[in-house]
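Here the structure is laid out as structure tokens; the discussion comes afterwards.
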Amino acid sequence: MNRLFAIESPSSDHYNRVRRTARELTVERIRQCRHPDDLARCEAMLVHANSGWLYGLDRAFTRAERGQLLVEVRNRLVLLGLGRSEPKPKGPRLDPTRLPDEALLRLIQNHPDPRLVQQLREERFRRAETETGPTP
């Protein structure tokens, strides 16, 4: 994009080329990117979209689209900074089915919420049933 901005000329061919090139930046492509330096350059271009180019990213994307891309770039930078390539899967904060047995027993004995303790007991019962089979 910077190369296209450097050779800016007031022609519809140039405008179309900038628009086509800029439109290749999508949320999906940002999510696939694994290079923080590329994402940082992309963030800088999106932040400085209104910096006075004759025909820049402010013309290729609407303000809402630029905002969406900027949020995605920043989220991806944070994710890569944490050492992850994919975000955590969505789900409940405390899923009894995913807890190891030791943690399950410890929470049953120590947790102050009686509803959660009941769920944990049901999970412990379900695990015991699957290990030994159903009781007659």
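Observations
- GLN119 falls short on exactly one of the conditions (1) farther than 30 Å from ARG17 by Cβ; (2) touching a Leu at 6+ places or on another chain (Cβ under 8 Å), and that condition is (2).
- Any hit, region 82-99, residues being at pLDDT 90 or above and in a helix (DSSP H, G or I): no
Every residue, every condition in (1) among the aliphatic types (A, V, I, L, M); (2) open to solvent by 70 Å² or more (accessible area, probe 1.4 Å); (3) touching a residue at least 12 places away in the same chain (Cβ under 8 Å), yes or no:
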residue: LEU69; (1), (2), (3): yes, no, yes
residue: SER85; (1), (2), (3): no, no, yes
residue: LYS90; (1), (2), (3): no, yes, no
residue: ALA103; (1), (2), (3): yes, no, no
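- Qualifying residue in region 57-65 (condition: closer than 14 Å to ALA22 by Cβ, of a type outside the set (Asp, Glu) and touching an Asp or Glu at 6+ places or on another chain (Cβ under 9 Å)): no
The values are calculated or read from the model by the stated rules, or taken from the named source; none is laboratory data. Predicted model only: the values in this text are computed from it and were never measured. Note: ideal-geometry Cβ built from the backbone for every residue, glycine included; neighbour counts use all protein chains shown. Note: accessible area is taken over every heavy atom of the protein model, side chains too, but ligands, DNA and RNA are not part of it. Shrake-Rupley method; radii C 1.70, N 1.55, O 1.52, S 1.80 Å.
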